[in-house]
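Asker: The structure's right below; bear with me while I get my questions together.
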């Protein structure tokens, strides 16, 4: 897959305490491809895509959103418009049974999906609504937000493949497998807990796979309205 991007890298990269190893370079190349996709998408919508920064870290990091450890997993901070990736999470993906470079690309594409939501005002609207509803209803909105980010990751992959012919045999399966491996139901089951849909904040394995595939098949943002499903 990596060769399909032409070896480009993002000028937006920020690193924190990590060497520029293969994983770091790969993340930077994937970020650059998301910029190549989302810039024209936003122009078509009459807007401007503000490119996020990528922070690669090991063990722990500070952000506007607070102190985070590797246990937090990859995250997007709306306050500073940065995507934070602990490179150790890629190894954790393998432990969850989601190996392959496109599994890693899906994770970054998902976090960039949150950046897109932030630029479109979706994140602020969800936060506003959650402040006036029950925890269960708030969790349901969180799930919808995450599923939409999965769909946006699919939209990115759709257009990136059209532009760069990035997808190789098995890549789509890697991404779908990654989406399924981090579903709330699977993670609860693996930790020995009872599966409780009311406590889901990211969506079930099936939901996450379905919404990624929805974006991948159509490449159309209009098909990513997870709040009405």
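The values are calculated or read from the model by the stated rules, or taken from the named source; none is laboratory data. Remember, it's a predicted structure, so these values are computed and weren't measured experimentally. Ideal geometry is used to build each Cβ from the backbone, glycine not excepted, and the neighbour counts take in all protein chains shown.
Asker: Residues that are touching a strand residue (DSSP E or B) at 6+ places or on another chain (Cβ under 6 Å) and free of Cβ contacts under 8 Å to residues at least 60 places away in the same chain: list the helices (runs of 4 or more DSSP H) wholly contained in region 46-156 that include at least 2 such residues.
Answerer: The helices (runs of 4 or more DSSP H) meeting that bar are 101-120.
Asker: Now, a different point. Go through (1) surrounded by 19 or more Cβ atoms within 10 Å (Cβ to Cβ); (2) modelled with pLDDT under 95; (3) under 16 Å from residue 227 (Cβ atoms) one by one and return the number of the condition residue 142 breaks.
Answerer: Failing condition for residue 142: (1).
Asker: Residue check, residue 204 against (1) closer than 19 Å to residue 101 by Cβ; (2) modelled with pLDDT under 90; (3) in contact with a helix residue (DSSP H, G or I) (Cβ under 7 Å, 6 or more places away or on another chain), all met but one. Which one?
Answerer: All conditions pass for residue 204, except number (1).
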